[in-house]
Amino acid sequence: MELGVHALPIDLSSTNPLPDIEAGGLSYEAMAGGGMPYAEGGAVYGRLWNPTVARFESALARLEHTEAAVAFSSGMAAMTAAILATTRETGREMGRRHIVAVRPLYGGTDHLLASGVLGAEATFCTAEGVAAALRPDTALVILETPANPTLELADIRAVVEASEGVPVLVDNTFATPILQNPADFGASMVLHSATKYLGGHGDVIAGVIAGDREWAAALRRVRAITGALLHPFGAYLLHRGLATLPIRIRTQQANAQRVAAWLSTHPSVSRIHYPGISGDSRGLLGRQMKGTGAMISVDLSGGLDQARRLTSAVRLFTHAVSLGGVDSLIQHPAALTHRPVVQEARPSPGLVRLSIGLEDPEDLIADLDQALGQALTEIPAQALTTTRHPAPAAG
Ligand SMILES: *Cc1c(COP(=O)(O)O)cnc(C)c1O
């Protein structure tokens, strides 16, 4: 309303006219410190502030029930900023350099933490092992629920309580703010790979972290220094995508429930990983996560060979990494998204992950039916090559 337009504008200006040295300088200083621009001083420079990005951030913060949100150029840039904000920024005086991370995690996050490239030391544990993994210098606890790719649910409130005041970051990419709001259960920061469901159309790479004003300021300071910005066009697409997020999630979830029910009785599927089918011993469905989501993983009784043939035989599904879009995707985590993860924590070679889109679920089932039929017939197997220096994980 205050912009005088109905559709959202895209503000592309990289620099902005300065009224005078004093007001411009004060605005610069406010933003470099993680705050808002001064009205009299303007936004100064696009690395400090952009109105299109700020509008998306406010919308996402409202969806996640937090005071603020900060957007980044990718989910991994967002994760990097959270690690730097807690270990280098706020944790610096206390010498806090330690991170506790609950496995399983997205392969790229696991790789980032295990590599030590940001100067932080990580201890990996289970959700029940968080209290025992804490150290006096722990700066951050990282949790993913549902986890990628096993779709295990973890109790956010229990992990927050076990963390004894150490901030907990929850990666909410798989659930989206439609199905789960981790801040309501005590999470300090809520991260999304916005590349996935928030964008929803496979045409933006972005990340965002929702949290209170103080965390947002720390994250903005890191973003201003490191420059891991979200381009305004990406912010525009993400903001536009939020309008259809609830109906996309509802329909994709309904489709996934159909496909999961069919897969769960298929003779080639030895185990299905889908909230609501694979068990919810802690009673988190409904209480913490409002739905079962649209991601499914299956263990194939024919192992890697069958996974290779299935992913090559699908026609309606696209064999591709990433997830959360309107088009259904299928991929093999051990070879692709979780390739950089150490052997003992890598998903099993017979596991494939499906991201269910907006197609007719009967068409998706027909495609899996024909592809699994083909997957039973013998095709010469090629060895899965492993590399000693893994490339960065893909979505
Ligand atoms: C894809 C993904 C990420 C990384 O996000 P990018 O946008 O690819 O950098 C982080 N967490 C989860 C759960 C993901 O699926």
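Below is a table of values for the structure above.
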| quantity | calculated |
| --- | --- |
| Taking segment 245-375 and dividing mean pair separation by its residue count, relative contact order in percent (alpha carbons under 8 Å, at least six apart) | 30 |
| Relative contact order of segment 138-295, defined on C-alpha pairs under 8 angstrom at six or more residues apart (%) | 23 |
| Paired Rg and Dmax values of segment 177-298, which use every Cα atom, in angstrom | 17.3, 54 |
| For peptides 321-327, 310-316, sequence by mean Cβ density within 10 Å, most packed first | 321-327, 310-316 |
| Cα-based shape type of segment 45-182, given that a ≥ b ≥ c are square roots of the gyration tensor eigenvalues and the cut on a/c is 1.5 | oblate |
| Spin-label model distance (nm) - ASP327 vs GLU22, 7 Å beyond Cα toward Cβ | 5.7 |
| Radius of gyration and Dmax over the Cα atoms of segment 245-375, both given in Å | 14.2, 41 |
| Global form of segment 93-139, assessed from the alpha-carbon gyration tensor, a/c cut-off 1.5 | oblate |
| Net lengthening on full extension, ALA254/ASP184 (0.36 nm per residue, minus Cα-Cα) | 22.7 nm |
| Order of LYS196, LYS290 - criterion: other Cβ atoms within 10 Å of each residue's Cβ, fewest first | LYS290, LYS196 |
| Farthest positive-ward along segment 245-375 dipole, Cα basis, beta-carbon charges - from HIS319, ALA294, ILE365 | ALA294 |
| Between segment 265-280 and segment 304-322, the alpha-carbon center distance in angstrom | 18 |
| Per-residue Cβ neighbour rank within 10 angstrom, fewest leading, MET79, MET36, MET94 | MET94, MET36, MET79 |
| Relative contact order (%) - criterion: Cα under 8 Å, at least six apart; region: the chain | 16 |
| Sites HIS319 and ARG92 - FRET efficiency at Förster radius 56 Å, r taken between beta-carbons, to 0.05 | 0.80 |
| Share, in percent, of DSSP beta bridges within the chain that are antiparallel, nearest 5 | 55 |
| Mean residue ellipticity (222 nm) of the chain, computed from DSSP H runs ≥ 4 via -39,500 (n - 2.57), nearest 500 | -10000 deg cm²/dmol |
| Considering only segment 245-375, percent of DSSP beta bridges that pair antiparallel, nearest 5 | 80 |
| Size of segment 247-324 as Cα extents on the principal axes (Å, biggest first) | 39, 28, 20 |
| Where only alpha carbons of segment 120-253 are counted, the Rg and the Dmax (Å) | 15.7, 45 |
| For TYR28, TYR197, order by how many other beta-carbon atoms lie within 10 Å, fewest first | TYR28, TYR197 |
| Gyration tensor (alpha-carbon) shape descriptor, segment 321-364, a/c threshold 1.5 | prolate |
| DSSP H segments from the chain that extend 24 Å or more along their own axis, Cα-based, with Kyte-Doolittle mean of -0.5 or above | 245-264 |
| Alpha carbon convex hull of the chain, volume per residue in cubic angstrom | 138 |
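Any read-out appearing in this document is the output of simple, stated calculations on the displayed coordinates, not a laboratory observation. Remember, predicted model here, so these are calculated numbers, not experimental data. Heads up, the Cβs are rebuilt from the backbone with ideal geometry, glycines too, and the neighbour counts pull from every protein chain shown.
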